[in-house]
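The values are calculated or read from the model by the stated rules, or taken from the named source; none is laboratory data. Predicted model, so just to flag it, every value in this text is computed and none were measured. Positions of Cβ are generated from backbone atoms using ideal geometry, with glycine treated the same way; all protein chains shown enter the neighbour counts. The area values use the complete protein model at the heavy-atom level, side chains included, leaving out ligands, DNA and RNA. Shrake-Rupley method; radii C 1.70, N 1.55, O 1.52, S 1.80 Å.
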Amino acid sequence: MASQWEPLLGTADIAEPEVREWVFVENQARALFSRYGYGELRTPVIERTDVFVRGLGDETDVVKKEMYTFEDRGGRSVTLRPEGTAGVMRAIANQGLAEGEERRVFYMGPMFRGERPAAGRRRQFHQVGVEAVGRAAPLLDAECIAMLLHFLEEVGIADGELLVNSRGTADDRPAAAAALKEHFTPHLAGLCEDCRRRFETNVWRMLDCKVEGCQEAIRGAPAIMDLLGAESKAYFAAVCACLDGLKVPYRVDPRLVRGLDYYEHTVFEVVHSGLGAQNALAGGGRYALFLPGSDRPVRGVGFAAGLERLLLARASLGQAAAGTPGMDVFLVSLGERALAASQLLAAELRHAGLRVLAETTGRSMKAQMRAADRVRARYTLIRGDNELDGGTVLCKAMADGVQTPVAAGEVAAWLLARLMSG
RNA sequence: GUGGGUGUAGCUCAGUUGGUUAGAGCGUCUGACUGUGGCUCAGAAGGUCGCGGGUUCGAAACCCGUCACUCACCCCA
């Protein structure tokens with residue numbers, strides 16, 4: 001339906017009953033991450049632009065062509081966050097982190113990227129992510145990965161495939177990049193336009209190209225692992241050993257290259273078959289991130305999972321959305337007096353903890369009964385002049401149609417006794 | 001940014017080679033002896049056929065443009 005009230009391209013309204021799926025996944029995330037010692041951190045969705053430019057790398061696709069960047073009223077360049085890590089690091093740096101101190105945080109919320117939307121990809125999308133900042137150890141990387149899989153399990157996705165690889169350190173990269181360039185140079189003429197561009201801007205990415213004609217050159221390329229220094233190789237081997245120790249199944253994908261510059265050492269991704277073309281469910285890795293005005297990187301390990309994609313995966317597995325729960329009680333009122341009196345009774349019942357809907361417009365009894373049925377009320381309380389004069393309320397159990405007159409003062413207790421017992 | 005698909009009622013969609021007052025299902029509302037839901041039956045409301053132009057005696061349908069949505073590429077979550 002194309003109406004002028006459609007939300008902006010790539011954004012969406014999330015309403016009942018779908019929103020229950022969101023809340024479910026968010027709650028699972030909160031509960032699970034806290035079991036691993038992570039606390040929630042909420043950072044602004046908007047930051048100074050250089051937080052991201054410096055953090056993600058100015059040659060990355062995200063920074064070059066996908067950010068929602070504009071000037072605020074003071075002429076400062078600001079950006080809607082395209083990912084969560086940079087802002088989280090900024091916040092942690094702002095709070096101060098002692099040498100050797102470890103900080104574990106998780107976050108969830110909207111991110112913004114100005115791309116063409118497709119299945120599982122929106123301009124405003126949502127991520128839940130974690131960051132363990134301040135220490136570097138293979139065991140920590142492995143635990144982080146294991147937690148991601150644990151989380152996926154908790155939300156009903158047990159069949160994702162884990163891919164891992166290493167990007168080495170900043171020290172390894174110049175030599176490795178040179179080796180890659182050397183390999184690709186003779187093939188350049190036969191490669192796609194994008195690859196020729198990547199040759200200049202980001203050789204690593206060429207390994208990731210899906211164009212048919214480029215595959216042969218890519219297959220012949222040296223594996224990243226072979227280009228890394230001894231220290232990096234050892235680190236990666238240790239991470240793999242830890243994963244083995246944790247009995248986490250994984251596949252080493254020598255071509256896994258993630259899109260942001262801040263990664264070093266371990267990178268990983270979980271892919272899922274139920275997502276269409278955008279098959280990455282979650283991704284992350286170890287990173288060294290630079291903040292504006294600082295030459296010392298903040299190091300950590302973390303991941304982000306796409307909420308929309310988690311929900312797609314759940315849907316593909318037939319994980320049913322929890323239905324909207326019905327009301328406990330619907331108050332049917334016949335006549336002005338009853339209408340007024342029922343508002344008071346409704347308030348009393350709600351204070352008692354019940355889910356209550358009361359007639360407000362005085363329709364026919366049939367219409368009100370239909371309304372009660374539509375909201376799946378378990379009890380309908382009927383009051384007209386007869387009941388008001390007698391000081392009672394007619395309580396009807398909708399399941400079997402049995403009607404019981406109850407003294408007005410005892411209705412709440414009467415209902416509670418029945419509703420609580422199930 | 002580049003390609004493909006689709007825009008008809010609140011929702012999901014029909015609409016035959018252009019031909020009278022544009023339909024169905026679901027939903028909503030009303031009614032079927034006085035104050036009783038679901039099932040059934042009867043009825044009602046609800047549509048600038050995305051928008052603009054063109055062809056034609058006549059356009060929801062054909063042509064052009066435009067906008068929107070959607071899928072895919074790129075890249076990523």
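Taken over region A:191-210, residues that are near RNA strand B (Cβ under 8 Å from one of its atoms) and of a type in the set (F, W, Y) amount to 0.
Take the residues in region A:157-168 that are touching a Leu at 6+ places or on another chain (Cβ under 8 Å) and open to solvent by 20 Å² or more (accessible area, probe 1.4 Å), then tell me which one is farthest from A:D253 (Cα to Cα). Per the criteria, the residue is A:A158. Considering only residues in region A:17-51 that are away from RNA strand B (no atom under 14 Å from the Cβ) and over 27 Å from A:M89 (Cβ atoms), the one that is surrounded by the fewest Cβ atoms within 10 Å (Cβ to Cβ) turns out to be A:V23. Considering (1) open to solvent by 20 Å² or more (accessible area, probe 1.4 Å); (2) within 18 Å of the chain's Cα centre (by Cα), the lone condition that A:V128 does not fulfil carries the number (1). May I ask you to verify whether A:I145 is within 16 Å of RNA strand B (Cβ to nearest atom) and either assigned by TED's automatic domain parsing to the domain that holds A:V252 or among the small types (G, A, S) (or both)? When the stated conditions are applied, A:I145 passes them. Annotation note: of A:A118, A:A93, the sole residue that is surrounded by fewer than 20 Cβ atoms within 10 Å (Cβ to Cβ), near RNA strand B (Cβ under 9 Å from one of its atoms) and either assigned by TED's automatic domain parsing to the domain that holds A:C144 or at negative phi (or both) is A:A118. Of all residues in region A:262-307, those that are more than 13 Å from RNA strand B (Cβ to nearest atom), crowded, with 24+ Cβ neighbours inside 10 Å and among the hydroxyl-bearing types (S, T, Y) total 1. When the residues of region A:318-369 are narrowed to those that are part of a helix (DSSP H, G or I) and among the basic types (K, R), which ends up nearest to A:W22 (Cα to Cα)? Among those residues, the one meeting the criterion is A:R350.
Against the conditions (1) assigned by TED's automatic domain parsing to the domain that holds A:L139; (2) farther than 20 Å from A:G84 by Cβ; (3) within 16 Å of RNA strand B (Cβ to nearest atom); (4) surrounded by 17 or more Cβ atoms within 10 Å (Cβ to Cβ), A:I218 satisfies every one except (1). Looking across region A:87-138, the residues that are over 27 Å from A:L275 (Cα atoms) and of a type in the set (A, V, I, L, M, F, W, C) come down to A:V88, A:M89, A:A91, A:I92, A:A93, A:L97, A:A98, A:V105, A:A132, A:V133, A:A136, A:A137.
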